[in-house]
Amino acid sequence: MKLEGDRRRIELVVNHVELWDVFCNTTLTDSDQLGEELPQLALALGECRQGVLSARHPGREITVGVSDEGDGSYGPTVTFWTSPAVPALG
């Protein structure tokens, strides 16, 4: 995958956590309570990450994204990126 110096795309790849990978030793079926709860955990992690990153980097506009398998992602995923106003890489 070539990201060609696109900061947002690079940050989306580097700064994401796929919760299915974190809990890979657990069965994640619809009947499993953890599988049902992971989307809620992803939302909570996203809120926490937004708060911590905003407090630690008050001069940056940071966006935290939370997605779930319904949108084509690989299970519940949390990621973040900085605004385009941040200077380009390189």
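Assorted remarks:
- Consider the range 49-60 and keep the residues that are within 11 Å of residue 80 (Cβ to Cβ) and either under 10 Å from the mean Cα position of the chain (by Cα) or not basic (Lys, Arg) (or both). The one that is modelled with the lowest pLDDT is 57.
- Residue count for the range 1-20, restricted to those that are at pLDDT 85 or above and either in a loop (DSSP other than H, G, I, E, B) or farther than 27 Å from residue 60 by Cα (or both): 2
- The range 21-47: number of residues that are at pLDDT 75 or above and touching an Asp or Glu at 6+ places or on another chain (Cβ under 9 Å): 3
- Scanning the range 1-19 for residues that are over 12 Å from residue 78 (Cβ atoms), open to solvent by 50 Å² or more (accessible area, probe 1.4 Å) and not β-branched (Val, Ile, Thr) yields 1, 2, 4, 6, 7, 8, 9.
The values are calculated or read from the model by the stated rules, or taken from the named source; none is laboratory data. Nothing here was measured: the structure is a model prediction, and the numbers come from that model. Using ideal geometry, Cβ is built from the backbone for each residue, glycine included, and neighbour counts are taken over all protein chains shown. SASA here: full protein model, heavy atoms, side chains in, ligands and nucleic acids out. Shrake-Rupley method; radii C 1.70, N 1.55, O 1.52, S 1.80 Å.
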